[in-house]
């Protein structure tokens, strides 16, 4: 028993430096995901120019990519619509606008659109969808943040079940509960955010 405990302690101490380094990396990744969520969600929507795209034509772009099997190729298709974008306030008119579409539209149809850059456009799916996009990134950020806390506090370096058991014994009960809570909230939050994005 004593020998096993000593071996466990030795294992934990030998990976402690690496585990804490991994933890810092995970914490930084979590912060980056939080920032991306704010930028790709509410910020992009708030700073875009709303308007309408009058469809001239729509096409399907097929791309092939190899899978894990060298003889197998997977085909993906992306729908694009081209036409004239006119800003709601009349400040912008672009005769050569293009955007990725969820379906193929007939010539003359009008699509709600957002001008997100000098030559970039996207479909306007509303505030609820943009907030859901941000939430998906924010909830996703909780997962690396939780694991980063565990690694930084204990030196856990993903060395298997024995390493995790050692980390559980080494961490304060309150912090372990926080890690579990963050993981659960992150997973459930990402799932709900994608559900809202799908429904919106």
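Just so you know, all these numbers are worked out from the coordinates, no wet-lab data involved. Please read these numbers as outputs of a predicted model, since none were measured by experiment. Here the Cβ positions follow ideal geometry from the backbone for every residue, glycine too, while neighbour counts run over all protein chains shown.
Looking at (1) farther than 25 Å from residue 22 by Cα; (2) surrounded by 19 or more Cβ atoms within 10 Å (Cβ to Cβ), which one does residue 199 not meet, given that it meets all the others?
(2)
Among the residues of the range 123-167, how many are in contact with a strand residue (DSSP E or B) (Cβ under 7 Å, 6 or more places away or on another chain) and touching a residue at least 40 places away in the same chain (Cβ under 8 Å)?
Final tally of qualifying residues: 1.
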